[in-house]
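Taking it in order: structure first as structure tokens, then the write-up.
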Amino acid sequence: FRVPSAAFSTFPMPMEDLDLKNRDPVFYELLRAENARQEACITLTASENFISKAVMQVVGSPLSNKYSEGYPGQRYYGGCMIIDKMEILCQQRAMEAYGADPDKWRVNVQPLSGVPANLGVYTAMLKPGGKLMGLDLTSGGHLSHGFQSPSKKVSVTSLFWESRSYGITKDGYIDYDGAYEIAQEYKPELIICGYSAYPRDLDYKRFREIADSVGAYLHADCSHFSGLLVSGLVNSPFEYVDFVTSTTNKTLRGPRGGLIFSRKEYSKTIDDAVFPKLQGGQHNQNIGGTAVALHEALQPEFKEYSKQIIKNARRLADALMKKGHKLVTNGTDNHIVLWNLRPHKLTGSKFEAVANATNITLNKNTIAGDKSALTPYGIRLGTPCCTTRGYKEEHMDEVAEFLDRMLKESLKIQKQTGKKLVAFKKGVDESEEMQKIASDVAEFAKQFDHPGLKV
């Protein structure tokens, strides 16, 4: 396709093409408010990150206009010659970034996010009712790894397939021996290794041994630590597994999307599962944004950035433990710090409410022993966002101080109001100390730049 030398137009459009501020001022103000919130907050949500200006430009580009069902060279729509080049470029960069041997691996860049990527693997490799096994939700696993409660099939994964979970030991580490024993009894067809809230690295060789003992496929979900994997800072699963899935945001700093790496012999089956079985038209703006994010991830400074993510997480963990707080596994190997509030008899749901009131973004999270995902005793903290904004180790000491102040005031409020969440929230809103913390946090956060397009 030849790009015209100059753009011109003769006829008016049926609707004037206004910018957002003039087209929809109500939504424009909401967008401005969210932008201001992000700039004034310390974002400690482990699954979030801030995309670059370059990535954001692609995500908001004319790529949103194009439908392109199918794969490069085999589309069900016309006008896909440039889209084909973009998708192929994204595939090539993904293979290079993850160090996947092109003689052994292929990659599908079309999944809309992490769960569709996982479903792509299950749909391809398991019949309905087939058996899979993953890390239990309260042990740090993800809903899409087969989670179900004793009375309810919570995830579609457990609805369409049979599932069984393995867990962690008393010290918070994955129980590989226990996983082996469960596999011998359950005989899963596919085993998932990966996590949503686990602060340590994974032993893929051990997982491979467990999978081989029952003839199961092995699938690594690397969504949370993909950027660290690309930077060579955590163990690589590619030597041992059959499939690798990932989101493209989180530590990779891309837009919302998903990837499926599969060994060559399974790639056609995976492609057919993604399209046409699970999805129609992929989101080209996100595939394009992922291509740019992967280009960024291949730069030397990205590895230094990834190293800083881990340094910041370890410093935050150390600072909290020095203040007497209990962490799952007493530290971290990655970007996640998992804080156990059970010794304080304060639920994670209450502390999340406190964080919302004090300009800190984090999330409550189940930990071993919890009976409810709505009122768990865990708090998941992560360092990708603050590292993107320029935080270093000394800044994590200040973050830990904020968190400690919040906890101490929370305990005072709970003592006064009792355990009911509604009364507790009212106490938080009326607390002068919480208001002071919120002001201090905002002043601290505004010292750091914020990437992307400004609103």
Q: Determine the shape class of the chain: with a ≥ b ≥ c the square roots of the Cα gyration tensor eigenvalues, call it rounded for a/c under 1.5, and otherwise prolate if a/b is greater than b/c, oblate otherwise.
A: oblate
Q. How large, in Å, is the stretch 313-455 by the Kirkwood hydrodynamic radius built from its alpha-carbon pairs?
A. 15.6
Q: Find how many whole Å separate the alpha carbon centroid of the stretch 93-147 from the alpha carbon centroid of the stretch 48-85.
A: 22
Q | Over the stretch 306-394 - Rg/Rh using Cα atoms and the Kirkwood inverse-distance radius | A | 0.97
Q) Considering only A100, L252, L18, whose Cα is most displaced toward the positive end of the charge dipole of the chain, charges sitting on Cβ of Lys, Arg (+1) and Asp, Glu (-1)? A) L18
Q: For the chain, calculate the relative contact order in percent as a whole number, restricting contacts to Cα pairs under 8 Å that are 6 or more residues apart.
A: 22
Q | Beta bridges per DSSP with both ends in the chain, % antiparallel, nearest 5 | A | 55
(Q) Only counting other Cβ atoms within 10 Å, I'd like H142, H283, H219 sorted with the fewest neighbours first. (A) H283, H142, H219
Q.
Looking at the stretch 27-185, I'd like the Rg to Rh ratio, where Rg is from alpha-carbon atoms and Rh is Kirkwood's inverse mean 1/r.
A. 1.04
(Q) If you scale each eigenvalue of the Cα gyration tensor by 5 and take the root, what three semi-axes come out for the stretch 209-294, rounded to whole angstrom and sorted largest first? (A) 23, 19, 9
Q) What list do you get for M95, M13 if you sort them by fewest beta carbons within 10 Å? A) M13, M95
Q | Among Q282, Y204, I270 - extreme Cα towards positive end, dipole of the stretch 183-321, charges at beta-carbon | A | Q282
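Each reported figure results from applying straightforward, stated rules to the coordinates on display, with no laboratory input. Computed from a predicted structure; not experimentally measured. Ideal geometry is used to build each Cβ from the backbone, glycine not excepted, and the neighbour counts take in all protein chains shown.
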